[in-house]
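The values are calculated or read from the model by the stated rules, or taken from the named source; none is laboratory data. Just so it is clear, the model here is predicted, and its values are computed rather than measured. Every residue, glycine among them, receives a Cβ derived from its backbone with ideal geometry; neighbour counts consider all protein chains shown. Protein only, heavy atoms only, side chains kept; ligands, DNA and RNA dropped before computing areas. Shrake-Rupley method; radii C 1.70, N 1.55, O 1.52, S 1.80 Å.
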Amino acid sequence: MSNLGSHALRAAPPVASQPAPVPRPSRPLGRPGQVSAAYSPDAPDSALLQVDGVSLEYRTPERVVRATHRVSFDVHAADRFVLLGPSGCGKSTLLKAVGGFIAPVEGEIRLDGHRVRAPGPDRIVVFQEFDQLPPWKTVKQNVMFPLLASKTLGRREAEERALHYLAKVGLDKFADVHPHQLSGGMKQRVAIARALAMQPRVLLMDEPFAALDALTRRKMQEELLELWDEVRFTLLFVTHSIEEALVVGNRIALLSPHPGRMRAEINSHDFGLGSLGGAEFQATATRIHDMLFEEEVEEGASP
Ligand SMILES: Nc1ncnc2c1ncn2[C@@H]1O[C@H](COP(=O)(O)OP(=O)(O)OP(=O)(O)O)[C@@H](O)[C@H]1O
(Lines give C-alpha, C1' and ligand atoms only; values in the text may rest on other atoms or scores of the structure.)
Protein backbone atom coordinates (compact mmCIF):
# COMPACT_ATOMS: atom_id res chain seq x y z
CA MET A 1 0.00 0.00 0.00
CA SER A 2 1.05 3.46 -0.17
CA ASN A 3 0.64 6.56 1.70
CA LEU A 4 -0.59 9.54 0.09
CA GLY A 5 0.74 12.71 -0.84
CA SER A 6 -1.79 15.35 -0.72
CA HIS A 7 -2.72 17.26 -3.75
CA ALA A 8 -5.54 18.58 -1.65
CA LEU A 9 -7.99 20.38 -3.84
CA ARG A 10 -9.99 23.29 -2.69
CA ALA A 11 -13.25 24.26 -4.25
CA ALA A 12 -14.98 27.51 -4.83
CA PRO A 13 -17.32 28.44 -1.99
CA PRO A 14 -20.75 26.82 -2.05
CA VAL A 15 -23.37 28.61 -4.06
CA ALA A 16 -27.07 28.08 -4.39
CA SER A 17 -28.58 25.66 -6.82
CA GLN A 18 -28.23 26.59 -10.46
CA PRO A 19 -29.81 24.03 -12.71
CA ALA A 20 -28.53 24.21 -16.22
CA PRO A 21 -28.62 21.88 -19.17
CA VAL A 22 -25.34 20.08 -18.79
CA PRO A 23 -25.52 16.79 -20.56
CA ARG A 24 -22.89 14.32 -19.47
CA PRO A 25 -19.68 16.09 -20.28
CA SER A 26 -16.47 14.31 -20.35
CA ARG A 27 -13.11 15.59 -21.24
CA PRO A 28 -10.14 13.84 -22.68
CA LEU A 29 -7.00 14.16 -20.69
CA GLY A 30 -4.70 12.98 -23.38
CA ARG A 31 -2.58 9.92 -23.75
CA PRO A 32 -4.49 6.94 -25.03
CA GLY A 33 -4.59 4.05 -22.65
CA GLN A 34 -3.61 6.15 -19.71
CA VAL A 35 -6.15 8.80 -19.33
CA SER A 36 -9.24 8.95 -21.39
CA ALA A 37 -12.37 10.92 -21.81
CA ALA A 38 -14.40 8.08 -20.81
CA TYR A 39 -17.94 8.76 -20.02
CA SER A 40 -19.91 6.62 -22.34
CA PRO A 41 -23.61 7.40 -22.39
CA ASP A 42 -24.29 4.43 -24.60
CA ALA A 43 -22.53 1.85 -22.49
CA PRO A 44 -24.45 -1.41 -22.19
CA ASP A 45 -26.65 -1.88 -19.14
CA SER A 46 -24.37 -4.51 -17.71
CA ALA A 47 -23.01 -2.27 -14.97
CA LEU A 48 -23.45 -3.36 -11.39
CA LEU A 49 -24.15 0.18 -10.25
CA GLN A 50 -25.57 2.88 -12.48
CA VAL A 51 -25.70 6.50 -11.49
CA ASP A 52 -27.82 8.06 -14.17
CA GLY A 53 -28.26 11.83 -14.48
CA VAL A 54 -28.34 12.26 -10.73
CA SER A 55 -28.96 15.67 -9.18
CA LEU A 56 -28.91 15.89 -5.41
CA GLU A 57 -30.09 18.74 -3.24
CA TYR A 58 -30.25 19.78 0.37
CA ARG A 59 -33.26 21.82 1.39
CA THR A 60 -32.93 24.11 4.33
CA PRO A 61 -35.58 26.61 5.46
CA GLU A 62 -33.53 29.39 3.83
CA ARG A 63 -32.47 27.83 0.57
CA VAL A 64 -31.95 24.86 -1.64
CA VAL A 65 -28.35 23.73 -2.12
CA ARG A 66 -27.65 21.70 -5.22
CA ALA A 67 -24.83 19.32 -4.33
CA THR A 68 -24.53 17.49 -7.67
CA HIS A 69 -25.92 18.25 -11.10
CA ARG A 70 -26.86 15.44 -13.50
CA VAL A 71 -23.97 13.19 -12.62
CA SER A 72 -23.72 9.89 -14.50
CA PHE A 73 -21.32 6.99 -14.23
CA ASP A 74 -21.35 3.21 -14.24
CA VAL A 75 -19.49 0.97 -11.84
CA HIS A 76 -18.75 -2.59 -12.90
CA ALA A 77 -18.17 -5.61 -10.69
CA ALA A 78 -14.71 -5.52 -9.07
CA ASP A 79 -14.11 -1.91 -10.10
CA ARG A 80 -12.26 0.32 -7.71
CA PHE A 81 -14.13 3.41 -8.74
CA VAL A 82 -13.04 6.71 -7.24
CA LEU A 83 -15.00 9.94 -6.95
CA LEU A 84 -12.41 12.70 -7.01
CA GLY A 85 -13.06 16.40 -6.74
CA PRO A 86 -12.59 19.50 -4.66
CA SER A 87 -14.14 19.99 -1.28
CA GLY A 88 -17.85 20.68 -1.55
CA CYS A 89 -18.35 19.15 -5.02
CA GLY A 90 -20.79 16.61 -3.65
CA LYS A 91 -18.70 13.44 -3.36
CA SER A 92 -20.00 12.49 0.06
CA THR A 93 -23.52 13.38 -0.96
CA LEU A 94 -23.24 11.07 -3.98
CA LEU A 95 -22.00 8.28 -1.75
CA LYS A 96 -24.92 8.86 0.61
CA ALA A 97 -27.31 8.69 -2.33
CA VAL A 98 -25.80 5.39 -3.50
CA GLY A 99 -26.16 4.24 0.11
CA GLY A 100 -29.85 5.07 -0.15
CA PHE A 101 -29.78 7.78 2.51
CA ILE A 102 -30.65 10.63 0.13
CA ALA A 103 -33.03 10.45 -2.85
CA PRO A 104 -32.11 12.15 -6.14
CA VAL A 105 -34.26 15.10 -7.20
CA GLU A 106 -33.47 14.14 -10.78
CA GLY A 107 -32.17 10.94 -12.37
CA GLU A 108 -31.84 7.59 -10.69
CA ILE A 109 -29.40 5.16 -9.13
CA ARG A 110 -29.67 1.47 -9.96
CA LEU A 111 -27.97 -1.49 -8.36
CA ASP A 112 -28.22 -4.71 -10.34
CA GLY A 113 -30.80 -2.91 -12.45
CA HIS A 114 -33.04 -2.12 -9.47
CA ARG A 115 -33.67 1.42 -8.40
CA VAL A 116 -32.00 2.30 -5.09
CA ARG A 117 -34.69 3.64 -2.76
CA ALA A 118 -33.34 2.97 0.73
CA PRO A 119 -30.27 1.77 2.58
CA GLY A 120 -29.60 -1.94 2.45
CA PRO A 121 -27.03 -4.57 3.43
CA ASP A 122 -25.89 -4.71 -0.21
CA ARG A 123 -24.22 -1.28 0.24
CA ILE A 124 -22.06 -0.79 3.31
CA VAL A 125 -20.24 2.46 4.12
CA VAL A 126 -16.86 2.94 5.78
CA PHE A 127 -16.45 6.49 7.03
CA GLN A 128 -13.45 8.61 7.90
CA GLU A 129 -14.26 8.93 11.60
CA PHE A 130 -12.60 6.63 14.09
CA ASP A 131 -15.70 6.64 16.28
CA GLN A 132 -17.79 4.57 13.91
CA LEU A 133 -17.29 1.50 16.12
CA PRO A 134 -19.52 1.27 19.21
CA PRO A 135 -16.95 1.42 22.05
CA TRP A 136 -18.79 -0.97 24.36
CA LYS A 137 -18.48 -3.85 21.90
CA THR A 138 -15.30 -5.81 21.37
CA VAL A 139 -13.69 -5.85 17.95
CA LYS A 140 -15.29 -9.19 17.14
CA GLN A 141 -18.70 -8.06 18.38
CA ASN A 142 -18.41 -4.95 16.25
CA VAL A 143 -17.83 -7.04 13.15
CA MET A 144 -20.58 -9.48 14.06
CA PHE A 145 -23.14 -6.81 14.84
CA PRO A 146 -24.44 -5.95 11.33
CA LEU A 147 -24.51 -9.64 10.43
CA LEU A 148 -26.75 -10.34 13.41
CA ALA A 149 -28.82 -7.15 13.24
CA SER A 150 -29.64 -7.76 9.58
CA LYS A 151 -30.30 -11.44 10.34
CA THR A 152 -27.81 -12.29 7.61
CA LEU A 153 -26.28 -15.05 9.76
CA GLY A 154 -26.84 -16.83 13.04
CA ARG A 155 -24.48 -16.22 15.95
CA ARG A 156 -22.04 -19.05 15.23
CA GLU A 157 -21.71 -18.33 11.55
CA ALA A 158 -21.45 -14.61 12.25
CA GLU A 159 -18.58 -15.25 14.65
CA GLU A 160 -16.81 -17.43 12.11
CA ARG A 161 -17.22 -14.85 9.40
CA ALA A 162 -16.11 -12.04 11.70
CA LEU A 163 -12.93 -13.89 12.57
CA HIS A 164 -12.34 -14.68 8.91
CA TYR A 165 -12.45 -11.03 7.89
CA LEU A 166 -10.54 -9.88 10.95
CA ALA A 167 -7.78 -12.26 9.89
CA LYS A 168 -7.87 -10.72 6.42
CA VAL A 169 -7.12 -7.29 7.89
CA GLY A 170 -4.55 -8.76 10.27
CA LEU A 171 -6.53 -8.21 13.44
CA ASP A 172 -7.67 -11.68 14.47
CA LYS A 173 -5.46 -11.45 17.55
CA PHE A 174 -7.35 -8.34 18.62
CA ALA A 175 -10.81 -9.88 18.37
CA ASP A 176 -11.53 -9.55 22.08
CA VAL A 177 -10.24 -6.07 22.76
CA HIS A 178 -12.31 -2.90 22.71
CA PRO A 179 -11.90 -0.15 20.11
CA HIS A 180 -10.27 2.32 22.52
CA GLN A 181 -7.32 -0.08 22.76
CA LEU A 182 -6.64 0.26 19.03
CA SER A 183 -4.80 2.84 16.95
CA GLY A 184 -6.65 4.88 14.34
CA GLY A 185 -5.41 2.63 11.54
CA MET A 186 -6.49 -0.48 13.41
CA LYS A 187 -9.95 0.98 13.98
CA GLN A 188 -10.25 1.61 10.25
CA ARG A 189 -9.21 -1.99 9.60
CA VAL A 190 -12.00 -3.16 11.91
CA ALA A 191 -14.46 -0.93 10.05
CA ILE A 192 -13.29 -2.43 6.75
CA ALA A 193 -13.55 -5.99 8.11
CA ARG A 194 -17.04 -5.22 9.41
CA ALA A 195 -18.10 -3.89 6.02
CA LEU A 196 -16.55 -6.75 4.03
CA ALA A 197 -18.05 -9.35 6.39
CA MET A 198 -21.45 -8.28 5.10
CA GLN A 199 -20.25 -9.18 1.62
CA PRO A 200 -21.94 -6.12 0.11
CA ARG A 201 -22.49 -5.73 -3.62
CA VAL A 202 -20.64 -2.42 -3.32
CA LEU A 203 -18.31 -1.24 -0.59
CA LEU A 204 -18.65 2.52 -0.11
CA MET A 205 -15.70 4.37 1.42
CA ASP A 206 -15.86 8.05 2.28
CA GLU A 207 -12.30 9.38 2.72
CA PRO A 208 -11.60 6.40 4.98
CA PHE A 209 -7.92 7.20 5.49
CA ALA A 210 -8.06 10.98 5.59
CA ALA A 211 -7.71 11.23 9.36
CA LEU A 212 -4.63 9.00 9.47
CA ASP A 213 -1.02 10.14 9.47
CA ALA A 214 0.74 9.95 6.10
CA LEU A 215 2.62 6.70 6.73
CA THR A 216 -0.40 4.88 8.12
CA ARG A 217 -2.47 6.20 5.25
CA ARG A 218 -0.04 4.75 2.73
CA LYS A 219 0.00 1.45 4.60
CA MET A 220 -3.80 1.36 4.61
CA GLN A 221 -3.94 2.00 0.88
CA GLU A 222 -1.53 -0.84 0.38
CA GLU A 223 -3.56 -3.17 2.53
CA LEU A 224 -6.78 -2.18 0.82
CA LEU A 225 -5.27 -3.09 -2.55
CA GLU A 226 -4.00 -6.41 -1.19
CA LEU A 227 -7.43 -7.13 0.23
CA TRP A 228 -9.01 -6.27 -3.10
CA ASP A 229 -6.59 -8.66 -4.83
CA GLU A 230 -7.79 -11.39 -2.53
CA VAL A 231 -11.52 -10.67 -2.29
CA ARG A 232 -12.23 -8.71 -5.50
CA PHE A 233 -14.98 -6.61 -3.97
CA THR A 234 -16.51 -3.68 -5.82
CA LEU A 235 -15.41 -0.38 -4.37
CA LEU A 236 -16.78 3.15 -4.62
CA PHE A 237 -14.20 5.37 -2.94
CA VAL A 238 -14.35 9.09 -2.22
CA THR A 239 -11.24 11.23 -1.90
CA HIS A 240 -10.01 14.71 -2.65
CA SER A 241 -6.42 13.53 -2.96
CA ILE A 242 -5.29 13.06 -6.56
CA GLU A 243 -2.50 10.70 -5.56
CA GLU A 244 -4.80 8.57 -3.46
CA ALA A 245 -7.27 8.39 -6.33
CA LEU A 246 -4.58 7.25 -8.77
CA VAL A 247 -3.20 4.67 -6.36
CA VAL A 248 -6.48 3.21 -5.10
CA GLY A 249 -8.66 3.46 -8.18
CA ASN A 250 -8.79 1.67 -11.49
CA ARG A 251 -11.26 4.27 -12.73
CA ILE A 252 -11.68 7.82 -11.53
CA ALA A 253 -14.64 10.14 -11.97
CA LEU A 254 -13.42 13.69 -11.84
CA LEU A 255 -16.06 16.08 -10.52
CA SER A 256 -16.11 19.81 -11.06
CA PRO A 257 -16.58 22.22 -8.17
CA HIS A 258 -19.90 22.88 -6.57
CA PRO A 259 -22.37 21.76 -7.70
CA GLY A 260 -20.53 18.63 -8.78
CA ARG A 261 -20.79 17.66 -12.42
CA MET A 262 -18.95 14.91 -14.30
CA ARG A 263 -15.85 16.52 -15.71
CA ALA A 264 -14.01 13.47 -17.00
CA GLU A 265 -13.47 9.83 -16.38
CA ILE A 266 -9.91 8.70 -16.04
CA ASN A 267 -8.49 5.26 -16.52
CA SER A 268 -5.97 4.62 -13.78
CA HIS A 269 -5.55 0.85 -14.19
CA ASP A 270 -1.85 1.19 -14.71
CA PHE A 271 -1.08 3.01 -11.51
CA GLY A 272 -0.45 1.59 -8.08
CA LEU A 273 1.79 2.17 -5.14
CA GLY A 274 4.82 1.30 -7.19
CA SER A 275 4.01 4.18 -9.54
CA LEU A 276 4.42 6.88 -6.92
CA GLY A 277 7.15 9.25 -7.89
CA GLY A 278 7.28 7.91 -11.45
CA ALA A 279 7.19 10.33 -14.37
CA GLU A 280 3.89 9.09 -15.84
CA PHE A 281 2.17 9.10 -12.49
CA GLN A 282 3.38 12.61 -11.80
CA ALA A 283 2.38 13.85 -15.24
CA THR A 284 -1.13 12.43 -14.86
CA ALA A 285 -1.48 13.88 -11.36
CA THR A 286 -0.40 17.26 -12.69
CA ARG A 287 -2.85 17.11 -15.56
CA ILE A 288 -5.71 16.27 -13.23
CA HIS A 289 -4.66 19.05 -10.93
CA ASP A 290 -4.53 21.50 -13.83
CA MET A 291 -7.99 20.50 -14.97
CA LEU A 292 -9.41 21.19 -11.56
CA PHE A 293 -7.43 24.38 -11.21
CA GLU A 294 -8.62 25.57 -14.62
CA GLU A 295 -12.18 24.98 -13.60
CA GLU A 296 -11.74 26.93 -10.41
CA VAL A 297 -10.19 29.84 -12.30
CA GLU A 298 -13.04 29.78 -14.82
CA GLU A 299 -15.56 29.79 -12.00
CA GLY A 300 -13.76 32.54 -10.16
CA ALA A 301 -13.58 34.61 -13.35
CA SER A 302 -17.27 34.45 -14.10
CA PRO A 303 -19.42 37.19 -12.61
N1 LIG B 1 -26.77 18.65 5.50
C2 LIG B 1 -26.54 19.59 4.60
N3 LIG B 1 -27.36 20.65 4.47
C4 LIG B 1 -27.14 21.61 3.54
N5 LIG B 1 -26.10 21.58 2.67
C6 LIG B 1 -25.26 20.54 2.75
C7 LIG B 1 -25.41 19.50 3.72
N8 LIG B 1 -24.41 18.60 3.55
C9 LIG B 1 -23.65 19.06 2.54
N10 LIG B 1 -24.16 20.22 2.07
C11 LIG B 1 -23.64 20.99 0.94
O12 LIG B 1 -23.65 20.18 -0.22
C13 LIG B 1 -22.47 20.39 -1.00
C14 LIG B 1 -21.76 19.07 -1.20
O15 LIG B 1 -21.27 18.61 0.07
P16 LIG B 1 -20.45 17.23 0.19
O17 LIG B 1 -20.17 17.04 1.64
O18 LIG B 1 -21.16 16.17 -0.52
O19 LIG B 1 -19.12 17.61 -0.59
P20 LIG B 1 -17.75 16.81 -0.66
O21 LIG B 1 -17.31 16.86 -2.07
O22 LIG B 1 -17.90 15.47 -0.04
O23 LIG B 1 -16.80 17.72 0.24
P24 LIG B 1 -15.58 17.32 1.21
O25 LIG B 1 -14.49 16.77 0.35
O26 LIG B 1 -15.22 18.62 1.85
O27 LIG B 1 -16.12 16.33 2.21
C28 LIG B 1 -21.66 21.43 -0.24
O29 LIG B 1 -21.94 22.69 -0.79
C30 LIG B 1 -22.18 21.38 1.16
O31 LIG B 1 -22.08 22.63 1.79
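Here are the numbers for this structure:
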read-out	value
Sequence of Y58, Y165 when ordered by accessible area, the most exposed leading, probe 1.4 angstrom	Y58, Y165
Shape of the range 201-303, Cα gyration tensor, a/c cut at 1.5	prolate
Solvent-accessible area per residue, Å², over the range 136-200 with all protein chains present [probe radius 1.4 Å]	49
Over 23 Å (Cα to Cα) - which of K96/K140; K137/K187; K151/K173; K91/K168 fall in this group	K96/K140; K151/K173; K91/K168
DSSP-assigned coil residues among trypsin sites (Lys or Arg not before Pro) in the range 79-119, each with at most 15 further Cβ atoms within 10 Å	R117
Anchor K219: aspartates and glutamates whose Cα lies under 17 Å away (excluding residues fewer than 8 positions away in-chain)	E207, D229, E230, E243, E244
Ranking by accessible area, most exposed first, for D122, D74 with a 1.4 Å probe	D122, D74
Exposure of H269 as accessible area (Å², to 10), given a probe of 1.4 Å and all protein chains	110
Of the chymotrypsin sites (Phe, Trp or Tyr not before Pro) in the range 93-140, those whose Cβ has at most 14 other Cβ within 10 Å and which sit in DSSP loop	F101, W136
Which of T234, T60, T216 is most accessible, then next, and so on - probe 1.4 Å	T60, T216, T234
Solvent-accessible area of L153 with every protein chain in place, 1.4 Å probe, in Å² to the nearest 10	40
